[in-house]
Each structure stands twice: as structure tokens, then as C-alpha cells.
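All remarks here apply to the structure that follows.
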Amino acid sequence: MKQKIGLLSLLSLLFLVSCQPGETSSSSPLQPSNSTPSVSSEPLPPSSSSSPISTSTETKDKEVTLVYKAYPALLDSSQGTVSVGSDGYKLNSVFTLSSGVTIDFASGKTVSVDGIDLASGGRFKFNGKSDSDHLNQKSLKITTTGKGTFRFACLGANGSDTSRTYTISKEDGTELYTSPKGVSTASSSTPDFYTYEIPEAGTYYLYSKVNGINFYYFDFTQKVELGDETGFALDTSALDTDTLIGEDISLTGLRVNATYSSGATLELESKDYTVDTSAFDKAKAGTYPIKVKYKNYPEQSFNVKVHAVKSIKAYYEVLQNGTGSKTVSRFPTVYKKNDTLDKTAIVVKATRDDDVEVNVTSKATITLPTTSEAGKKDVGISFINDSKTYEDKISITVLDSSFLTADSDGVYVVAVDSSITEEGTLSNNVLTFSSLQKAHDFLKTATSDDDKKKIAIKAGTYEEKVYIEIKNLTLNGEKGEDGTPSVTLKAAYDADSKDALGNPFSTYGSASVSVKESADAFHAENIVFSNSKFTSMAEYNRSNDSNKQAVALLCEADKSLFKNCSFKGYQDTLYARLHHQAYLDCKIEGMTDYVFGEDADILLRRCTLTSLYRNSDTNGGYVCAPKGGSSTTVGFVFDSCTIQGEESVVEGMVSLARPWAKSAIVHYLNCSMSNVVSKKAYGDTSDKKNARYESMSGNKPTDASFSEYGNTGDGALSAAVSGMSLLRETEYNSLISTLNTTFDFVA
């Protein structure tokens, strides 16, 4: 018998249960709230395996040590799925995360656990509230059957660490411990481990009363009496029990565990039990029992299903290159003659007889056509199963680029019209396409970087996920009779939406239109950029997605200019990520951080910003959330803008900004502010309404650079409050001079 505790499976979540020989904790018991916590920077003892789902134990006098472990790497879609119950994320029988916790799989922090490097394993982002009610915090619930040692690893986010404390409470809210000072900050590459002795069986909560603590790992160590052997149990959670006709069944993930009266399980070695696969027939669709026998206990079995294939489908338009990746693979469908085709972005999936799709790309045949001649072509896709051939195709168009000529201003112009049925149709001597992406992709292959390019878009709604990757491109949408844009570009993705490989798009990838860093000098006029993932606040609230960020436009191209455009969304509408960007006479709406960005200088001039109603009488949302960076000089500048709210938004509860990092810079200059804008100072607890400037991820507005000048309206201030400053005349004039230099590309 292997001296191992078997992996358990609960609600389809993988989690780690392991044991160390005679492991004990040298830390002191849980201390009163004014005591210093037990801190260890030492990693856990290395295990004999580098696998992230390994287990081990030793028994002595029928006593066993159990270590229940949980960390984000075990929740990644490549190793399991995340199931959300009424009380949150079920990790295992000990740990439960509240559903408000964000799981970030791309944090980039280094955590060594049992010899496993979790540098890309991710983090749990608690982002606590300021109130002390533990049941309303984003928290970890610990449910134990006895006393034991609880340990976790965490880091504070960027910024001051003095406020990033954590608390452990009983189920009734009694605080057992609150850390007296902040944890180590993100500047440290390896988190500290904090250890506590849980005194008795019960339910406990770990949470933070402030934003900005990131947790990377939890474990709970408990000693139990092994007791008498009572039988055995099968664990097939790591076993794929579905195959296609002709495929062998792999039993590598099968775990057979001896069970004991204490409730503990020990994994058996394969020599201790027998597996009967004689009923399995890979040549015929059906359900087949796999039987397992151990000692004289009753035989147990599990079923393996062999499936027939119904059809295949090729996916090719958008593939994230890994979770949270900022690189996307696409297979374009418009080319010029003699272009080279690259099939690496094509994914082929087969639909089984139970309507489940499975990836068969490696077994499929993809036949690329020649592009030496213009015309319509097909990429052939075929897959053979059970002596049957299943086919699909991708239609592409190869065009003669000689039809593309520059106008009198030296600009290469193509058009987009949704009524077009044949790509590259000559309409008024202009090559015309049915979609913006197709028009863009042709210009990408048919022109050079230095060429000036324009896409004229006919009135209509274009539902497509668009990637702009070429320099010196202008999008010109038709205007209506009232002068407003009559062109809408929209798509329906949020951060939790997944591509054909199951990779979540993340906030970055959720954008309906992405203007990439390679697209310098991008211009857009008379266009509505919309993310239609949510069409109402009620729909937003009903969604079970944990990450509802849904970006309408992502822009990271230098010297980008938007005129008379609209941006529609709810959370994270406009992602002005990098470099220098300007927005003139635009309309932007949302309810949470609906203008946000990173290392960028952004000018918004004569824009109208509308905060949508959040179904709250205290929190009216946040207009912007800049981060700032090493290249940022002026930050986010709102010049002569109108700041307002929907009709239902309550007076005095909209925050103008919150800092994504301490380096955040925001200026509101000569803006008209309605009464929905809060006038309350940061730190004022007289009511529960938002302050004018709020904190974010532990970053306080008092540590950022938020200023105002010359604002008017019911929401304007005549005197500075905590969290911001009022510019003096000389400071304002100096800022205007800097703006003129920084945004010299704005006519």
C-alpha cells in the first residue's frame, strides 16, 4: 500500500490533500488582536514530486496527519473547473472562498510550495470593505472538524503597506486576531507565510477590512486517528472517462483509496487491487463498466463512454495565447495574391454524440489553398473517425491589390458596407468589404506602415470582435442627420468569456475593438464602440460571471485620436492603456471605472461622461481609475467635460476617480459637474455614500495626484477636500502649456 492520502473531488474542483511525516508547527497559538503574528518566509518542505497534485503521508500507531491545500494553480481550467455555489468557490471540505473573490491566474508572483514554482499560478484577490461585518467581506471560510494549524501566504498590492491588515474571526463575527501592521508589499518576489493554531472544531473566516491583499496559498494541518479499514473508494476526478471511437482509455488518473473509520483515506498501489477492462470495446459507441476489486470488499465500478462523432467545426477568428495573454492569434480570411497562409491559429473540434465538443486539431487534416490567383478559396478541414470522414471549410478571399489605389491626398481608401456579399467588391471604384476586420486585414497585407490608410464605414451595426494592428489608419463612420454617429461596432465578451481553447479573455481580451500598440497614429471619427455582453443593469447583476469587466474599446497606440465617438458599457468601458491618446467631443458611459488605463497620458476634451445607475443609493460608481507609470506625465485630463448621471443616480454619490496605483494622476479642468458628483472628503464616514475620490486596491487618493481647476455646477467644489487639491492659476497655466506639447497631434 502506498502511504498516500487520496485526492478528493468536490463539485468538480481539484484541490490538494497531502501529509508530511510527523509534521508539527513551531508557531505559537492564535494570539489576541494586539499581538504580533507568526511570520515565516520559509517555503513548505519540498515534496518528492514536482506534480501540482501530489500527495503523501506516513502512519504511526494509526494516527495520520492531513494537510488540506488550496491555491489558484489548482483552479486553472487546465487542471479543473471552478464551481460557484451559493456561498462561493468550493475548494475542498475545509476551504470555501466567497463568490466576490477574484481569482487571477496571471499575477506573476513567485510562490514556492512543496517545491512547485507557482510564478504563473495566480492569486486570490480579496479586496475587502471598510466595515467590520465579516459575512459581508470577500473572505475565506475555514471549516474544521478539530484543532489544527492554519497557514496562508499573502502580499499587499502596490503602494503603502500600513493599511493592508487581515483578520481572523469566528463564525459569529468575534475577532480572534487582527494583524497590527500591513503585510509585505508586491515589491517582494516571495510572499510571507502566516501561521495560526486553530483551537477547536468550528467555522472561521480570514478576510481583510481594506483593499489590496492578495493571497497565494492556504493550508490546514490536522492530525486524526486513522481507525479501522472499512472498505475502499474510487476517485475518478482526474480520469477522462469519455473517448471517441477508436481511442484507447487511459487509467493513469484513476485513484483507488482504502477508507477508514476516521474518514481518512489512503491511496493504494496498483498491485494492491485489480482492474477489469474486459467489457471495454473502443470500436463501438456505448457505455462500458470498468470493474475494480480490492481484498474481499464488494466490487466497485465506474463507466467509460465511447462516443461517435456527429460533426466537426473549425475555429479560427480569435484565440487567446494563454490565460490573461495580451497576444492573440487569428487566421484572416482576406489576402492579396501570393500571401503566405498560416494554419497555426486554426482549432478543429469534433462534436460527440452527446453534443460535447472535443479538440481534435492534432488528428485533423488542414489543407491550405494556393494564393497565386485571385478569387474565393476554401481551407479544407477533415477528420476521420470510425472509417467516416467529417469535413468543414474556411472560406477566404484572395484579391488583386492592383485595384487598391491612393486618392489625391495619397491615402489608400477602402470601404465597409454590411450589405456586401462578396469581399473586395468595387463600389464607386473603392474596394468594399462586409466587415471592418476584413477591410483592415486586406490593408495590412496590401500596404506598408508608412502609407496613410482610411476605412470608410457605411451606416449600420457591425457585430464583430475587431483587432487594429496597422499604423496610420483612420476609421471614418457615417454620421446621421443630427450629426451623431450612425456606425456601431460591438461584441459581447467579458473577462470570463472563453475562446475555443477554453482560455478566458480577461479584462484586456474582452474588448470589442482592440487598437494594438503597433497601430500608431490611429484615428476614429463618428463611431459607437459598444460592449453588448450586458444590455441592462439587471442583466449585469444576474450574471454568474465572477469577472464582469467588459471593455468596449482597448487602445494602446501612441498618438491615437477619437472624434465624435461614443463608448458604451458597464464596467471598464474605455481602456486607455498606454501612450498618448486624445478624445474630442466624445460620449462615454458606464458605472465602474469606465475610463481606466495604465502608463498613459489621456486628454478628454469637451466629452460627456454619464454614470449609469448601479441599483444603489450609496455607491454611484467611479468615473475613472488610472494607474500611471514611468512614462506618465499628465495622466488623465478631463478638460471642459460634462460629468453627469442617469436620472435614477442619487445626488452626491459618484466618485470622480480612484487610484489603481499610487502613481495615478487625474485633472478635472473647467468641467461642468452635476449634483450626482460627490463632494465628500476621503475618509469622511458621516454617511455611506462614496467620497469624491476613493481608494482602490489599497491605494489611497491621498497618496495619488488628483487635482481640479475651474469646475462649475452643483457638483463643483470651491475648496479642496481630502483626496484632491485645487490648482493655483500658475499651476493651471503650466499644465495647459504641458498639454499643448504632449498632445501636439491634436488639431
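What the table below lists for this structure:
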item	result
Region 452-484 - residue that is part of a loop (DSSP other than H, G, I, E, B), touching a Phe, Trp or Tyr at 6+ places or on another chain (Cβ under 9 Å) and open to solvent by 30 Å² or more (accessible area, probe 1.4 Å) and, of those, farthest from Glu556 (Cα to Cα)	Asn472
Members of region 269-278 found to be free of Cβ contacts under 8 Å to residues at least 24 places away in the same chain and assigned to a loop (DSSP other than H, G, I, E, B), listed by number	Ser278
Selection status of Asp354, touching a His at 6+ places or on another chain (Cβ under 9 Å), over 30 Å from Lys453 (Cβ atoms) and not in a helix (DSSP H, G or I)	yes
Unmet requirement for Leu266, which otherwise passes all of (1) assigned to a strand (DSSP E or B); (2) more than 39 Å from the chain's Cα centre (by Cα); (3) at pLDDT below 95	(2)
Check on Cys555, under 19 Å from Ser640 (Cα atoms) and either free of Cβ contacts under 8 Å to residues at least 60 places away in the same chain or surrounded by 24 or more Cβ atoms within 10 Å (Cβ to Cβ) (or both)	no
Among the candidates Asp228, Asp219, residue that is open to solvent by 10 Å² or more (accessible area, probe 1.4 Å) and among the charged types (D, E, K, R)	Asp228
Filtered residue count, region 558-569, keeping only those that are assigned to a loop (DSSP other than H, G, I, E, B) and open to solvent by less than 50 Å² (accessible area, probe 1.4 Å)	4
Those residues of region 578-598 which are touching a residue at least 24 places away in the same chain (Cβ under 8 Å) and either polar (S, T, N, Q) or within 19 Å of Gln549 (Cβ to Cβ) (or both), in sequence order	Leu578, Gln581, Gly590, Met591, Thr592, Asp593, Tyr594, Val595, Phe596, Gly597, Glu598
Only one of Thr162, Thr178 that is modelled with pLDDT under 70, β-branched (Val, Ile, Thr) and either open to solvent by 30 Å² or more (accessible area, probe 1.4 Å) or within 21 Å of Ser98 (Cα to Cα) (or both)	Thr162
Exclusive hit being out of contact with any Cys (no Cβ under 7 Å at 6 or more places or on another chain), modelled with pLDDT of 95 or more and not in a loop (DSSP other than H, G, I, E, B), set Ala538, Ala550, Ala582	Ala582
Matching residues, region 438-451, being of a type outside the set (D, E, K, R), touching a strand residue (DSSP E or B) at 6+ places or on another chain (Cβ under 9 Å) and open to solvent by 20 Å² or more (accessible area, probe 1.4 Å)	Thr445, Ala446, Thr447
Hey, Thr633 outside any strand (DSSP E or B), surrounded by fewer than 20 Cβ atoms within 10 Å (Cβ to Cβ) and at pLDDT 95 or above or not	yes
Qualifying residue in region 311-330 (condition: of a type in the set (Phe, Trp, Tyr) and farther than 25 Å from Tyr508 by Cβ)	no
Count of region 383-413 residues which are among the acidic types (Asp, Glu) and assigned to a strand (DSSP E or B)	2
Qualifying residue in region 67-76 (condition: open to solvent by 50 Å² or more (accessible area, probe 1.4 Å), at pLDDT below 70 and out of contact with any His (no Cβ under 8 Å at 6 or more places or on another chain))	no
Which numbered condition Val528 misses (of (1) free of Cβ contacts under 8 Å to residues at least 24 places away in the same chain; (2) assigned to a strand (DSSP E or B))	(1)
2 or more residues touching a residue at least 40 places away in the same chain (Cβ under 8 Å), of a type in the set (A, V, I, L, M, F, W, C) and within 30 Å of Thr165 (Cβ to Cβ): qualifying strands (runs of 3 or more DSSP E) within region 638-747	655-657, 665-669
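So that you can scan it fast, the table gives a plain yes or no per residue for (1) more than 20 Å from Gly635 (Cα to Cα); (2) touching a helix residue (DSSP H, G or I) at 6+ places or on another chain (Cβ under 8 Å):
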residue: Gln549; (1), (2): yes, yes
residue: Ala552; (1), (2): yes, no
residue: Glu556; (1), (2): no, no
residue: Ser560; (1), (2): no, no
residue: Tyr570; (1), (2): yes, yes
residue: Tyr594; (1), (2): no, no
residue: Arg605; (1), (2): no, no
residue: Thr608; (1), (2): no, no
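The values are calculated or read from the model by the stated rules, or taken from the named source; none is laboratory data. Remember, predicted model here, so these are calculated numbers, not experimental data. Note that each Cβ is placed from the backbone with ideal geometry, even for glycine, and that neighbours are counted across all protein chains shown. Heads up: the accessible areas ignore ligands, DNA and RNA and are worked out on the full protein's heavy atoms, side chains in. Shrake-Rupley method; radii C 1.70, N 1.55, O 1.52, S 1.80 Å.
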